[in-house]
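Here is the structure we will look at.
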Amino acid sequence: MYGLLGLAIFVELMRRVTGGKTMIAGGLTLAVLVLPIVIITASEALRAVPHSIREAGFGVGATRWEVIRYHVLPSAAPGILTGIVLSLARAPRETAPILLVGAVTGFLAIGGASIYQQLYDPFTTLPTIVFQYSGLPSTAFRANAGRDHRSARADLERQRDSDLPAKSI
């Protein structure tokens, strides 16, 4: 859903600002995607501050702004920061919206371009690169890719034992 929103708004309607299918359009799409998480956690953190703290601030003659600034926000800061960290952890995992906004399959930008130029260049996602690289290795690697690590380790130990020369007594 967010990918379609990003495609319609940030790629098509705001083409002059974002440059079309660029990293800026992808970043704005991810920002819209994580915004509800930040808003909900921040409002819950502010709501979790006890009313007694507010009343104490008003009781000593503080204005409403002073109560919010010096009492409510410092008490709610851990919850707000938790929401921000959770949303920042979610954003890199979201591949579908980025693919819809215009990620190029298999393109990894490296080189001496400035940060400003890279924002307007084509881009890709990490899962796209992993998928592309999974077809590159040998057939032995692909055969073992889905195996359990214990069975793979046992196969390696058997192979190592068979490669050792026989001991003479």
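Pull out a ≥ b ≥ c, the square roots of the eigenvalues of the alpha-carbon gyration tensor of the stretch 1-74, then state rounded if a/c is under 1.5, prolate if not and a/b is larger than b/c, and oblate in the remaining case. Spell out each step's value before the answer.
Details: a/c = 5.59, a/b = 3.23, b/c = 1.73.
Because a/c hits 1.5 or more and a/b exceeds b/c, the stretch 1-74 counts as prolate.
Could you work out the local net charge near HIS71, counting Lys and Arg as +1, Asp and Glu as -1, over the other residues with Cβ closer than 14 Å to its Cβ?
Working: positive: ARG54, ARG64, ARG69; negative: GLU55, GLU66.
Net charge in that neighbourhood comes out at +1.
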**Fill in**
Most exposed first, judged by fewest Cβ atoms within 10 angstrom, ARG54, ARG15 run ARG15, ARG54
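Here, each number is a calculation from the coordinates, and none is a lab measurement. Since the structure is predicted, the reported quantities are computational estimates derived from the model, not experimental observations. Every residue, glycine among them, receives a Cβ derived from its backbone with ideal geometry; neighbour counts consider all protein chains shown.
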